[in-house]
Structure formats: structure tokens, C-alpha cells
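Undergrad: Attaching a single structure in C-alpha cells format; questions to follow.
The values are calculated or read from the model by the stated rules, or taken from the named source; none is laboratory data. Remember, it's a predicted structure, so these values are computed and weren't measured experimentally. FYI the Cβ positions are ideal-geometry reconstructions off the backbone, even for glycines, and counts take in every protein chain you see.
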Amino acid sequence: MDTRPNLVLVGFMGSGKSSVGRLAAADLGLRFVDLDHEIEQREGATITRIFETCGEEEFRRIESKVATEVAERRGQVIATGGGIVLRPVNLERLGVAGVIVHLHVTPECAWARARGHGHRPLVAGPDGEARLRELFAKRQPLYDAIPLSVEGSNRPPRAVAADVVRVYRRRVDAGGSGIRA
Ligand code: S3P
């Protein structure tokens, strides 16, 4: 069993959590877990469908439950959904056996990447860009509160992943497991 701390990627939609996470996982030899994908598997429904049928509150409840379960295992790179920061308890749990790294992205880059993707009901439709900017402004303080951060805008995923891996290794070498800050 892999007992290494998890690497937890947190950031706004389109920050590159999944693509960077996959590369970092391959590099570190850790298992890659995408929280949105886990939710879809367990619920047997797409993220969009869950939002449509149950609403955002219920989605957040499911997201917390799945995050709690995934956080109990080790040896993983976990790509979270952009809204994971909305419930502080999520980061507390994911940080118990994990190094949390914020992938920073500009709103312009986030929109260029997030538009037209099916699992982002919060920014779907004609006023998607305006809603994305609104969400971005509201959430920025939550992301900024994460002490470890890597720039994810306008850079190839490989370069971002290399930085993330460096940050993770440095943190683990410095303090063992169970590190959030
Ligand atoms: C959300 C981000 C999405 C997905 C859902 C809600 C958010 O994940 O969890 O649409 O609230 O920011 P990504 O960050 O992978 O796009």
C-alpha cells in the first residue's frame, strides 16, 4: 500500500487541475483521482445532470462526502472541482494526509479553457463569461488563502506539473505527511 501523502490540486475551473494532475501523478508514481469523475461514477449521472435534478446544494453535499472518502486513502494525486473551497471542511479533510497546492489561473485563461465544456453548468449558456468573472471574484480570497501556489495560466501543462511536483516533494521532504500549510 502506498503511504505517501496525497497531492491535492485546488483551483478555479480551467486552471488545469486534471491535465496537470495526470502528469504529476505519472511523474510521482501516484494514482490519479478526479473528484468530479468519482462523483459521476458513484451517482451514475453527469455533473450537469446532478445540478439540473438536485440543485447546487445537493451537489455540494455529495462533493463533500466523496472528498471525505477519497481523503482517507493515500498515495494519490487528487484533482478537485473548482468549488471545493466553498466548504472549509473539505480542505481540512483533504489536508490531513495531503499537500494542498493551489493552481492559479487568470479569469481570461479560465474562460478560454472552461467554455464549451459539458461538466461546468455554472458557466454554461450565453452569459457564461459574466458568471465566471463573478464567481472568480467571489472565490479569489478562498484560493488565495492556500499557502502553496503554482501559476497555471498560459503555460504548458508539463511545465506546471513540474513545478507542482517540486512543491510537493519539497513539502514532503520538509515535514512528512499530513501537511496543509
Ligand atoms: C465547479 C467546477 C467543476 C465541477 C462543477 C462545479 C465549480 O469542476 O465540479 O461544475 O463550482 O467551480 P472543474 O473545476 O474541474 O471545472
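Quick grid of which residues meet (1) modelled with pLDDT under 95; (2) more than 26 Å from residue 159 (Cβ to Cβ); (3) touching a strand residue (DSSP E or B) at 6+ places or on another chain (Cβ under 6 Å):
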| residue | (1), (2), (3) |
| --- | --- |
| 25 | no, no, yes |
| 28 | no, no, no |
| 35 | no, no, no |
| 38 | no, yes, no |
| 44 | no, yes, no |
| 54 | no, yes, no |
| 58 | no, yes, no |
| 72 | no, yes, no |
| 78 | no, no, yes |
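Undergrad: Tally up the residues in the range 11-52 that are over 14 Å from residue 76 (Cα atoms) and either touching a helix residue (DSSP H, G or I) at 6+ places or on another chain (Cβ under 9 Å) or charged (D, E, K, R) (or both), please.
TA: So the count comes out to 21.
For every residue, the table says whether it meets (1) closer than 15 Å to residue 10 by Cβ; (2) within 13 Å of the ligand (Cβ to nearest atom); (3) touching a Lys or Arg at 6+ places or on another chain (Cβ under 9 Å).
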site	(1), (2), (3)
33	yes, yes, yes
47	no, yes, yes
52	no, yes, no
55	no, yes, no
63	yes, yes, yes
67	yes, yes, yes
74	no, no, yes
89	yes, no, no
95	yes, no, yes
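Undergrad: Here is a further query. Within the range 108-116, identify whether any single residue is within 14 Å of the ligand (Cβ to nearest atom) and under 18 Å from residue 142 (Cβ atoms), and answer yes or no.
TA: Looking for residues that are within 14 Å of the ligand (Cβ to nearest atom) and under 18 Å from residue 142 (Cβ atoms), one finds at least one in the range 108-116, hence yes.
Undergrad: Something else: Considering only the range 43-81, how many residues are free of Cβ contacts under 8 Å to residues at least 12 places away in the same chain and at positive phi?
TA: Total meeting the criteria: 2.
Undergrad: If you check every pair at least six apart or on different chains, which have Cβ atoms under 6 Å apart with a residue in the range 114-130 that is free of Cβ contacts under 8 Å to residues at least 40 places away in the same chain first and a residue that is outside any loop (DSSP other than H, G, I, E, B) and more than 7 Å from the ligand (Cβ to nearest atom) second?
TA: Partner pairs satisfying both residue conditions: 129/111.
Undergrad: Do you know which residues across the range 82-106 are in contact (Cβ under 8 Å) with a residue 60 or more places away in the chain and closer than 17 Å to residue 152 by Cα?
TA: Residues satisfying the conditions are 82, 100, 101, 102, 103, 104, 105.
Undergrad: Can you name the number of the only condition in (1) in a helix (DSSP H, G or I); (2) out of contact with any Asp or Glu (no Cβ under 8 Å at 6 or more places or on another chain) that residue 50 fails?
TA: Failed condition: (2).
Undergrad: Let me ask something additional. Provide a single number: the residues in the range 53-78 that are surrounded by 14 or more Cβ atoms within 10 Å (Cβ to Cβ) and part of a loop (DSSP other than H, G, I, E, B).
TA: 3
Undergrad: Let me ask another. Tell me which residues, restricted to the range 1-44, are within 15 Å of residue 66 (Cα to Cα) and assigned to a helix (DSSP H, G or I).
TA: 35, 36, 37, 38, 39, 40, 41, 42, 43
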